[in-house]
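Engineer: I have a structure I would like to understand better, so I am pasting it below and will then ask my questions one at a time.
What follows draws every value from the coordinates through simple rules; no lab data is involved. On a predicted model such as this, the values are computed, not experimentally measured, just so you know.
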Amino acid sequence: MNTRLIAGALARPALALAAAAALLLGTGTPGSAAEAETRAPAPAAKPVPRPGADPEAVAPLGVNAFGWLKNHNSGRCLAVPGGSHQPAEGLIQWGCGSWADHYWDIRYEGDGDGERWYSVRNMNSGMCLSVDAARTTDFARATQYPCGDANQALFVDQYWALRYNSAKQANQLVNWNSRKCLAVLDGNKNDGAAVIQYGCGTWNDHYWR
């Protein structure tokens, strides 16, 4: 699950994608997509949409447009192994291509705790960037998971803040639930490296564009 078969990747047809905006991404630790996730209950307060708020009033990341989330360290893109539609599938980084699972939509969801919060949705599966079982520990695997419950409310680990670093010209993706950053395990630069959450630092693999 950590690696994509090269033959399979080459066999996948290229998709004609219009106006794909470049986005930001993180790293991960290996996790099992077959494991059932136990979702955390909603917190007392979630981000609340602010009337008149401009969802794009943040460093440009292609908000409300599908695009890549490219890691600042490796230059590789956040991806779903094999283009899987499996809930709880652990995410990886992979050389950026035209496969639909390489494209993500960052959607403004609301404000809270002095931050602007977004969901990050995969074009291929329609699922949201999440953290395995809503864990709050370092090295927890970044996954894709259906966006929210039956009432359409997102799970607490499906909200992400974008923190821009002008020197790197890239963003950290900070999880609402854990307050940790999307990163690549061990700063690995290879295809198939796991994407995880980790306490936010200045390491390049903690930044996405």
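Engineer: If you wrap a convex hull around the alpha carbons of the range 150-204, what volume per residue comes out, as a whole number of Å³?
Structural biologist: Enclosed volume per residue, from the Cα hull, is 105 Å³.
Engineer: Now for a different question. Can you work out ³J(HN,Hα) from phi for every residue in the range 77-85, in order, using Karplus 6.51 cos²θ - 1.76 cosθ + 1.60 and θ = phi - 60°, giving whole Hz and x for Gly and Pro?
Structural biologist: Once θ is set to phi - 60°, the couplings for the range 77-85 become 9, 5, 8, 10, x, x, x, 4, 9 Hz.
Engineer: Shape verdict for the range 66-209, please, from the Cα gyration tensor: rounded (a/c under 1.5), prolate (a/b greater than b/c) or oblate.
Structural biologist: Since a/c stays below 1.5, the shape of the range 66-209 is classed as rounded.
Engineer: Another question, then. Averaging sequence separations of C-alpha pairs under 8 Å and six or more residues apart, then dividing by the length of the range 74-209, give the relative contact order as a whole percent.
Structural biologist: Reported relative contact order: 24 percent.
Engineer: Moving to a separate point now. For GLN169 and ASP113 in one chain, what is 0.36 nm times their gap in residues minus the Cα-Cα distance, to one decimal in nm?
Structural biologist: 17.8 nm
Engineer: Can I ask one more? Per the Cauchy relation, a quarter of the hull surface: what is the mean projected area of the convex hull of the alpha carbons in the range 77-153, in nm²?
Structural biologist: If you wrap the Cα atoms of the range 77-153 in a convex hull and average its projections, you get 5.8 nm².
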